[in-house]
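Any read-out appearing in this document is the output of simple, stated calculations on the displayed coordinates, not a laboratory observation. From a predicted model like this one, the values you see are computed outputs, not experimental measurements. Positions of Cβ are generated from backbone atoms using ideal geometry, with glycine treated the same way; all protein chains shown enter the neighbour counts.
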Amino acid sequence: MYDFVTVHWSGNMKPEEGGIVCTTNEVAGNTGLTSSDETDHHAGKEPSRGKSGLISRTVSQVEMEGSKLDLVVFGATGITGKYTVLQLVELATDVGDLKWGVAGRSQDKLESVLRQISSKTGKDLSKIKIILADVTDLPSLRNMTSQARVLINTVGPYKLYGEPVVKACIDGGCHYVDVSAEPQFMERMQLEYHEAAKQKNVYIINACGFDCIPVDLGTVFLVNNFKGDVNSVECYMEVWQKTFMM
């Protein structure tokens, strides 16, 4: 189960087709597939069907899918990554059956982050999977994406470090989410990787972070329209949430 938000599909792409999705501070919706055809979905193939028309899978396919993590946070030792992991711990507590892991370059730093958040939340994170991956090492990225259904990439600047992760996600059949606020990076990824992602039924979803723009624009609007001097501004955010099965 995940928090529900609306996704704006780019062009004429249908939800079941995969590809690169343009979003506005929003998170991906589900794949539109049931758990019975997830394996073929991630492999970029049509689900196999028996004479009855029902989807069938081999034992090895079931085992492979069952071993995958639902979510992996890449760059978990950075500022954004730490906050993401903290929120993920709360989400996992609410959901109750969420398999997730953390990834980055340093085993020691990743273990330290988990200890810090464990101390802050009171949750036992000793069994959370740690994956070592580096943006300069493509095999390590592929190893990471092959173990996850969804990757949350918090490693930036994306203009410098984002493309190898996008490519590894497409290669590994792993959905990709980031918090980029870099239009040049997002547009280039869409131009260069949309078709490849679509063929593999992989979502590449950028700009899922809630940036400072609403606050900045709101403050400018207030200063321009307030009759007097503005000494301070307090901002509040109201979020509507709904849960659904992915």
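Between K120 and D97, the modelled labels are 2.9 nm apart [label points 7 Å from Cα along Cα→Cβ].
With the charge dipole of segment 82-181 set up from +1 on Lys and Arg Cβ and -1 on Asp and Glu Cβ about the Cα centre, the Cα lying farthest toward the positive end among the listed residues V179, A103, S119 is that of S119.
As a ratio to 2.2 N^0.38 Å, the alpha-carbon radius of gyration for segment 90-130 is 1.15.
Relative to the present Cα-Cα distance, how much length would full extension add between T219 and S106 at 0.36 nm per residue of separation? Result: 36.7 nm gained on full extension. Legend: residue pairs K68/K159; K129/K159; K82/K200; K167/K200; K99/K123; K68/K129, Cα-Cα distance threshold 22 Å; pairs beyond threshold, K68/K159; K129/K159; K82/K200.
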